[in-house]
1. Would you confirm, using the coordinates I've provided, whether Glu117 is acidic (Asp, Glu), loosely packed, with under 12 Cβ neighbours inside 10 Å and at pLDDT 95 or above?
2. Taking into account only those residues within region 171-193 that are of a type in the set (D, E, K, R) and modelled with pLDDT under 75, which is farthest from Val261 (Cα to Cα)?
3. Go through region 207-227 and give me each residue that's modelled with pLDDT of 85 or more and out of contact with any Ser or Thr (no Cβ under 6 Å at 6 or more places or on another chain).
4. Could you list, ordered by first residue, the pairs with Cβ atoms under 8 Å in which the first is in region 48-67 and within 20 Å of Met246 (Cβ to Cβ) and touching a residue at least 40 places away in the same chain (Cβ under 8 Å) and the second is open to solvent by 70 Å² or more (accessible area, probe 1.4 Å) and among the hydrophobic types (A, V, I, L, M, F, W, C), at least 6 apart or interchain?
5. In region 42-70, which residues are among the polar types (S, T, N, Q) and modelled with pLDDT under 95?
6. Against the condition under 30 Å from Trp157 (Cα atoms) and either among the acidic types (Asp, Glu) or over 18 Å from the mean Cα position of the chain (by Cα) (or both), how does Leu46 come out, does it pass?
7. Looking only at region 65-93, filter to residues that are part of a helix (DSSP H, G or I) and not polar (S, T, N, Q); which one of those is nearest to Asp144 (Cα to Cα)?
Amino acid sequence: PHGGSTPPQRIRSVSPTYAMMEATRCQGRVTISGDVYQIDGKEVVLMGGNYVVKAQPYYPPLEVVRSNAQSMFQGAQNMAYVPPPASNGAARPVVPCVRLGAMMEAALKEKGTTVDESFKTTLEGVVKTFQEEGVYVFLDMHQDACATTNGGEGYPWWATADFQQRAGCKLEQCCCCCCFSRWCCECWPDSCRTPYITTPVYPLQPFFCLCNCLARQFGLDIQTYDQDPVPWEPYSVGSEGNPAWMNVGNASMRRNNADSVWGSKLLTTAQSQNTARRVYGSKHNDADRESFFDPF
């Protein structure tokens, strides 16, 4: 019988995999050698998932992050999967990791090149918390359907608003002639311009000048919230409300980006397609490049 007040401690058997995971618990940076990942020259197998909040505040509270990280590390320890050995025959441990969203709209809340201090502090805290719990982090400059101004997220809302200020004729969407890429006739209404943002003047619409009734035949039609008298006004550029919240605050936008419909409807809107083309062509456009991409 045990005579002391402290109960006897059960001896726990430690598996080689567990021991290897503890030995690689964020001990060094992950590097790539050929087609394998390594930590301090030893091959590892990274397993994990996405950790992306696609709207403000962009990250959960740190206590939630810590709880999630602890669950991930414990799950990696308890899994039955044993990775194939390394090329030299050595065992390879499973190392938990996350693809952590670090969106430019969160970093650059205001137009300019100064990274928001609160974003920096929060991001550093989240990364440190994952590190302390043994989870590696890959930063992901995430974006879906470009920006909040067309129901997605990623690029700052002021970048698409700047594109809109220098938008050309709407005909440039379906014609490669450079004559339509600039705005020459000031007497024409703004609605004749190529749409890059969503407002009452530039309602969310199918791409390539496709009418909504025809788009409906392919499940690509844009829907609006019937209780909203001006569907695209709330949180739009130039109206009351922060455009950075338009993807979650505008009721009509939520009709088109909720659940699985965003992948078909948002990606095929004129706003999304026009913005993507403008982004990829920015290296040939001094004003576009200076607006957002320089000096990065």
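1. In short, yes.
2. Glu186
3. Of everything in region 207-227, those that are modelled with pLDDT of 85 or more and out of contact with any Ser or Thr (no Cβ under 6 Å at 6 or more places or on another chain) turn out to be Ile222, Gln223, Asp226, Gln227.
4. Matching pairs, first to second residue: Ala55/Trp245; Gln56/Trp245.
5. Asn50, Gln56
6. Working: under 30 Å from Trp157 (Cα atoms): no; either among the acidic types (Asp, Glu) or over 18 Å from the mean Cα position of the chain (by Cα) (or both): yes.
Judged against the criteria, Leu46 is not a match.
7. Val65
So that you can scan it fast, the table gives a plain yes or no per residue for (1) aliphatic (A, V, I, L, M); (2) in contact (Cβ under 8 Å) with a residue 40 or more places away in the chain; (3) in a helix (DSSP H, G or I); (4) open to solvent by less than 20 Å² (accessible area, probe 1.4 Å):
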{"residue": "Val95", "(1), (2), (3), (4)": "yes, yes, no, yes"}
{"residue": "Leu100", "(1), (2), (3), (4)": "yes, yes, no, yes"}
{"residue": "Glu105", "(1), (2), (3), (4)": "no, yes, yes, yes"}
{"residue": "Lys111", "(1), (2), (3), (4)": "no, yes, no, no"}
{"residue": "Thr122", "(1), (2), (3), (4)": "no, yes, yes, no"}
{"residue": "Phe138", "(1), (2), (3), (4)": "no, yes, no, no"}
{"residue": "Trp158", "(1), (2), (3), (4)": "no, yes, yes, yes"}
{"residue": "Ala167", "(1), (2), (3), (4)": "yes, no, no, yes"}
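The values are calculated or read from the model by the stated rules, or taken from the named source; none is laboratory data. Because the structure is predicted, anything quoted here is derived from the model rather than measured. Here Cβ is always computed from backbone atoms with ideal geometry, including for glycine, and neighbour counts include all displayed protein chains. With ligands, DNA and RNA removed, areas are computed over all heavy atoms of the protein, side chains included. Shrake-Rupley method; radii C 1.70, N 1.55, O 1.52, S 1.80 Å.
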